[in-house]
Amino acid sequence: MNNSTVPAIFGGSPVRKKFLIFGSPKIGKEEIKEVVDSLKSGWIGTGPKVARFEKMVSEFTGAKYAIALNSATAGMHLSLIACGIKSGDEVITTPMTFAATANVIEHIGATPIFADIDTPTMNIDPIKIEKKITKKTKAIIPVHMAGRPCNMTQIRKLAKAYNLKVIEDAAHAFGAKYRNKKIGSISDTSCFSFYVTKNLVTGEGGMVTTNDKRVAEKIRIYSLHGMSKDAWKRYSDSGFKHYMIEVPGFKYNMMDLQAAIGIHQLKAFEQNQKRRREVWDFYNHAFKNLPLIRPTDPEKNTEHAYHLYTILVDIDKLKVSREIIQQSLHAENIGLGIHFVSLHLHPFYANKYKLKRGDFPNSEFVSDRTISLPFSAKLTDKDTKDVVKAVTKILNYFSENQLKKIRSKLPKAIGN
Ligand SMILES: *Cc1c(COP(=O)(O)O)cnc(C)c1O
């Protein structure tokens, strides 16, 4: 075995010299110019650029209202409040998600009820949702995992039948479409994230979209201390207006500095998505014959947002854990993400709700095997080739080594 086939974790030479950051965003000159413009204008807090960005997102998604916030987490928190979900209510969501999805349910004193996923899509399974509905159930929070839209027809049907609100965790799904409708225009609210690793970034940031005027107004008021409408204009040239505190709100507003980035991220969005699709196809083709499960193709009548490219490593075949594969790839200087360790296995949720391994087998299947590879419009062909090289090297190394181990245990005559 020569040095280049030995994993770097065992002393071989890494595939790359320079570490490849997992979700490094593509920031263009326009974004930089706009941020500088904001800084020079003196208006860096919530202002006209936030309003412009909101209008752009509302037009892009086809939703009547868009409220910019400092995160998707804030969006989900305020959506629950604006939709009237209260302490003691039950909210059904997926265990295959980021903690924020369930944390916000805890924040309002409601109870998160997990329903298992459908393995190939990694999305919440509507059949499993229905089994979890009780008299206390008031809402569903579906998550469009990796950018793949959930089955919204089935989810809407359940919501209608049982009178439930639907708050979409659309943190992965900016630009996704379900049956010719953009994600953001379908449910009571949809919550997008513009966090650094997402497919549209503002550093930190998020947006809630809705078609419900009352929900939109409530979210807006709650997002800025509970101050009455248009409070941000109180220092503008349109004249000082006294604000009144209507509810004890939060501090969740977006700044113009963030919107300045978002405006140009949105302008470059289609172009960036095109590059993501290219990388997706490149990975898909390159990983055909490795011991891993590739993402299934997007469903008919949907558009995937291509937020994450996630492989499921075949740990049954490789006989090593995902952690070993993960650490080995990291040592090759490839940055990775894990989306996600199933929520019911985290101590808080496990302890509080007496959840354990075996409760959500499909989510556990993904949780034990998932690795998200570097996936961004910024990646060069050299970067993506390095990723393929590293994944191929590591998975081949472990499958061959296992083969050798098995062979060494067999009697000589059949061992070759
Ligand atoms: C990133 C993420 C969030 C949180 O988004 P923030 O904007 O950081 O609050 C919520 N849900 C999922 C599934 C995410 O991946």
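Can you list the trypsin sites (Lys or Arg not before Pro) in region 309-416 that are in a DSSP coil and have 10 or fewer other beta carbons within 10 angstrom?
Working: sites: LYS317, LYS319, ARG322, LYS352, LYS354, LYS356, ARG357, ARG369, LYS378, LYS382, LYS385, LYS389, LYS393, LYS404, LYS405, ARG407, LYS409, LYS412; in loops: LYS319, LYS354, LYS356, ARG357, LYS378.
Those satisfying the criteria are LYS354, LYS356.
Would you calculate the separation in nanometres between label points at ALA161 and LYS317, each defined as 7 Å from the Cα along the Cα-to-beta-carbon direction?
A separation of 3.8 nm, rounded to one decimal place.
With everything on Cα atoms, drop me the angle between helix 152-162 and the longest principal axis of the chain, reported from 0 to 90° to the nearest 10.
Its long axis makes an angle of about 60 degrees.
Restricting attention to region 55-128, which trypsin sites (Lys or Arg not before Pro) occupy a DSSP loop and are surrounded by at most 12 other Cβ atoms within 10 Å?
LYS86
Take the chain, connect every pair of alpha-carbon atoms lying under 10 Å apart with a spring to form a Gaussian network, then pick out the residue of LEU343, LEU164, LEU290 with the largest mean-square fluctuation.
Largest GNM mean-square fluctuation: LEU290.
Keeping all protein chains in place and using 1.4 angstrom, which order do ASP297, ASP125 fall into by accessible surface area, from largest down? Show your work: numbers first, answer last.
Values: ASP297 110, ASP125 30 Å².
Greatest to least solvent exposure: ASP297, ASP125.
List the residues, sorted by chain then number, that are 5 or more residues from GLU168 or on another chain and whose placed amide H is less than 5 Å from its amide H.
Here THR189, SER190, CYS191 satisfy the definition.
Please report the relative contact order for the chain, taking Cα pairs under 8 Å with a sequence separation of at least 6, and give it as a percent rounded to a whole number. Present the calculation step by step, with values, prior to reporting the outcome.
Values: 846 pairs, mean separation 94.4, N = 416.
Computed over the chain, the figure is 23 percent.
Just the number, please: percent antiparallel of the DSSP beta bridges in the chain, rounded to the nearest 5. Walk me through the numbers before you get to the answer.
Details: 25 of 41 bridges.
Just about 60 percent of them are antiparallel.
Going by the alpha-carbon gyration tensor, a ≥ b ≥ c the square roots of its eigenvalues, is region 1-136 rounded (a/c under 1.5) or, if a/c is not under 1.5, prolate (a/b greater than b/c) versus oblate?
Taking the square roots of the gyration eigenvalues as a ≥ b ≥ c, region 1-136 is oblate.
With a sphere of radius 12 Å drawn around the Cβ of VAL313, what net charge do the other residues whose Cβ falls strictly inside it have (Lys, Arg +1; Asp, Glu -1)?
Details: positive: ARG294, LYS317, LYS319, ARG322, ARG369; negative: ASP314, ASP316, GLU323, ASP368.
Residues close to VAL313 contribute a combined charge of +1.
Provide the FRET efficiency to the nearest 0.05 for the LYS354-ILE108 pair, computing r from the beta carbons and using R0 = 30 Å. Display every interim value, and only then the final one.
Values: r = 22 Å, r/R0 = 0.72.
Efficiency at R0 = 30 Å is approximately 0.90.
Points 7 angstrom from Cα along the Cβ direction at LYS64 and GLU130: gap in nanometres?
Reported label-point gap for LYS64 and GLU130 is 3.1 nm.
Using a Förster distance of 22 angstrom, determine the FRET efficiency expected from the C-beta separation of GLN327 and SER13, and round it to 0.05.
Values: r = 17 Å, r/R0 = 0.76.
About 0.85, to the nearest 0.05.
Evaluate E = 1/(1 + (r/R0)^6) for GLU400 and LYS229, where r is the Cβ-Cβ distance and R0 equals 51 Å; express this FRET efficiency to the nearest 0.05.
Details: r = 66 Å, r/R0 = 1.29.
After rounding to 0.05, the efficiency reads 0.20.
Suppose each label sits 7 Å from its Cα in the direction of the beta carbon; what would the LYS26-LYS385 distance come out to in nanometres?
Taking the two extended label points, one gets 1.9 nm.
Going by the alpha-carbon gyration tensor, a ≥ b ≥ c the square roots of its eigenvalues, is region 160-284 rounded (a/c under 1.5) or, if a/c is not under 1.5, prolate (a/b greater than b/c) versus oblate? Present the calculation step by step, with values, prior to reporting the outcome.
Working: a/c = 2.79, a/b = 1.48, b/c = 1.89.
Oblate shape, in that a/c is at least 1.5 and b/c is the bigger or equal ratio.
Can you send over the carbon and sulfur percentage of the accessible area for the chain, probe radius 1.4 Å, protein chains only? It would help to have the intermediate numbers written out before the result.
Numbers: 10660 of 19320 Å².
The C+S portion of the solvent-accessible surface of the chain is 55 percent.
Give me the net charge for the shell around SER4: Cβ to Cβ below 15 angstrom, other residues only, Lys and Arg +1, Asp and Glu -1. Each step should come with its number before you reach the end.
Numbers: positive: ARG16, LYS17, LYS385, LYS389, LYS393; negative: GLU332, ASP386, GLU400.
Here the count lands on +2.
What number, in percent, do you get for the relative contact order of region 168-221 if the mean sequence gap of Cα pairs under 8 Å and at least 6 apart is divided by its residue count? Provide the component values of the computation, followed by the final result.
Working: 82 pairs, mean separation 15.9, N = 54.
Relative contact order for region 168-221 comes out at 29 percent.
Heavy atoms only, probe 1.4 angstrom, no DNA, RNA or ligands counted: give me TYR306, TYR65 ranked by accessible area, highest first. Please list the in-between numbers first.
On the way: TYR306 25, TYR65 65 Å².
The ranking, largest first, comes out as TYR65, TYR306.
Using a cut-off of under 11 Å, list every residue of region 130-172 whose amide N is near the label point 7 Å from the Cα of LYS181 along the Cα-to-beta-carbon line.
Zone members listed by number: 152-157.
Summing Lys, Arg as +1 and Asp, Glu as -1, what charge do residues with Cβ under 15 Å from the Cβ of LYS128 carry, LYS128 excluded? All intermediate terms of the calculation are to be shown ahead of the outcome.
Working: positive: LYS131, LYS132, LYS157; negative: GLU90, ASP116, ASP118, ASP125, GLU130, ASP359, GLU364.
Residues near LYS128 contribute -4 overall.
For region 264-416, what is the relative contact order in percent, using Cα pairs closer than 8 Å and at least 6 residues apart in sequence? Write down the numbers at each step before the final one.
Numbers: 150 pairs, mean separation 44.9, N = 153.
This gives 29 percent for region 264-416.
Share of antiparallel DSSP beta bridges in region 29-265, in percent to the nearest 5? It would help to have the intermediate numbers written out before the result.
Details: 16 of 31 bridges.
Expressed as a percentage, antiparallel bridges in region 29-265 total about 50.
Cα centroid distance between region 111-154 and region 1-74, in Å?
28 Å
How much accessible surface does TYR252 have with a 1.4 Å probe, in Å² rounded to 10?
Counting only protein heavy atoms, the figure is 50 Å².
Might you tell me the accessible area per residue for region 1-138, computed with a 1.4 Å probe and given in Å²?
Here the residues of region 1-138 average 46 Å² of exposed surface.
The values are calculated or read from the model by the stated rules, or taken from the named source; none is laboratory data. Computed from a predicted model, the values in this text were never measured in an experiment. Note: ideal-geometry Cβ built from the backbone for every residue, glycine included; neighbour counts use all protein chains shown. Accessible surface areas use protein heavy atoms only, side chains included; no ligands, DNA or RNA. Shrake-Rupley method; radii C 1.70, N 1.55, O 1.52, S 1.80 Å.
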